[in-house]
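Visitor: Take this structure, written in structure tokens, and hold onto it; I'll ask about it next.
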Amino acid sequence: MPNSPKYDKILNALQELLASKDMKTISISEIAQAAGMGKGSIYYYFPSKDSILEALIERTYEKPLKTATTLADQKDISPFTRLAMIFQACRNSSSEFLKQKDSSSTGAQEQAYIHQKFLYHLIAGLKPTLSEIIRQGIAEGQIHFDYPDALAEIVLIVLTVKLDNTILPSSQEEIEGTIKGLVALLEKGTENPVGSLNFLTVF
């Protein structure tokens, strides 16, 4: 169904409505009218208004996630090179979200709700890929760590919070310092030489 023209029409309709209205004031009837279809058609594709918003967020930021997943699956590339791709995907997604946020007229409460959905989507979308990269590094003897899923989640939480830069506003220098600290912890935790993963901070 995600490839259906009607599915995309519904997402487009909500996106247009969000440019001038808060999510809480938008009704399913309004979305249906903007999409040029009956209210029943909306429920054929989506069980609720929130599910439409989640699908819209997923579509808006899916490109960097797909790129990261595609590249991460190329096992002939070093796990750490692919880790750098994940870092870049987080940055691209956060930049795209902030651009969309700045151009929107939605209220602060609504932005916070959308923001929470975005962060969840980013972390949940990238965690399986990053976990698999770490597992490959462990199998190849390049990474020494017992909890690949936990490590993937920690890395993604730090990256998304710092690069997003709204939950804990920081200067560019502070953001770079946190990323360098994360990389230093990765080096120590995965038993890699000091400075060997510095390339992860250049993006």
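The values are calculated or read from the model by the stated rules, or taken from the named source; none is laboratory data. In this text the structure is predicted, and so the values were computed from the model without any measurement. For neighbour counting, all protein chains shown are included, and Cβ atoms are generated from backbone atoms with ideal geometry for every residue, glycine included. Note: accessible area is taken over every heavy atom of the protein model, side chains too, but ligands, DNA and RNA are not part of it. Shrake-Rupley method; radii C 1.70, N 1.55, O 1.52, S 1.80 Å.
Visitor: Filter the range 151-172 down to residues that are open to solvent by 50 Å² or more (accessible area, probe 1.4 Å) and modelled with pLDDT of 90 or more and give me whichever is nearest to Glu62 (Cα to Cα).
Guide: Among those residues, the one meeting the criterion is Glu153.
Visitor: Just checking, how many residues over the range 190-203 are surrounded by 15 or more Cβ atoms within 10 Å (Cβ to Cβ) and either farther than 23 Å from Ser93 by Cβ or of a type in the set (A, V, I, L, M) (or both)?
Guide: So the answer is 4.
Visitor: Tell me, which residue of the range 1-11 that is touching a Phe, Trp or Tyr at 6+ places or on another chain (Cβ under 7 Å) and assigned to a helix (DSSP H, G or I) is most open to solvent (accessible area, probe 1.4 Å)?
Guide: The extreme case among them is Lys6.
Visitor: Within the range 40-58, how many residues turn out to be open to solvent by less than 60 Å² (accessible area, probe 1.4 Å) and either at pLDDT below 90 or among the charged types (D, E, K, R) (or both)?
Guide: Total satisfying the criteria: 5.
Visitor: Please return the ranges of helices (runs of 4 or more DSSP H) entirely within the range 107-203 where 3 or more residues are more than 20 Å from the chain's Cα centre (by Cα) and within 22 Å of Thr69 (Cβ to Cβ).
Guide: The qualifying helices (runs of 4 or more DSSP H) are 108-139.
Visitor: What single numbered condition from (1) open to solvent by less than 70 Å² (accessible area, probe 1.4 Å); (2) modelled with pLDDT of 85 or more; (3) β-branched (Val, Ile, Thr) fails to hold for Ile114?
Guide: (2)
Visitor: Does any residue in the range 37-48 that is within 11 Å of Lys6 (Cα to Cα) come within less than 8 Å, Cβ to Cβ, of a residue that is at pLDDT below 95 and open to solvent by 40 Å² or more (accessible area, probe 1.4 Å) six or more places away or on a different chain, and which pairs are these?
Guide: That search, which allows pairs on different chains as well, returns Met37/Lys6; Met37/Lys9; Ser41/Lys6; Tyr45/Met1; Tyr45/Lys6.
Visitor: Next question, about the same structure. Looking at the range 76-90 only, could you name the residues that are under 21 Å from Phe145 (Cα atoms) and assigned to a helix (DSSP H, G or I)?
Guide: Within the range 76-90, Pro79, Phe80, Thr81, Arg82, Leu83, Ala84, Met85, Ile86, Phe87 meet the criteria.
Visitor: Among the numbered criteria (1) aliphatic (A, V, I, L, M); (2) modelled with pLDDT of 85 or more; (3) surrounded by fewer than 11 Cβ atoms within 10 Å (Cβ to Cβ), which single criterion is violated by Ala32?
Guide: It fails just one condition, (3).
Visitor: A further question on this structure: Quick check on the range 134-150. Is at least one of its residues open to solvent by less than 40 Å² (accessible area, probe 1.4 Å), touching a residue at least 24 places away in the same chain (Cβ under 8 Å) and closer than 12 Å to Cys90 by Cα?
Guide: Taking every residue of the range 134-150 in turn, none turns out to be open to solvent by less than 40 Å² (accessible area, probe 1.4 Å), touching a residue at least 24 places away in the same chain (Cβ under 8 Å) and closer than 12 Å to Cys90 by Cα.
Visitor: Would you point out the residue of the range 12-27, among those that are part of a helix (DSSP H, G or I) and within 14 Å of Lys39 (Cα to Cα), that is modelled with the lowest pLDDT?
Guide: Leu14
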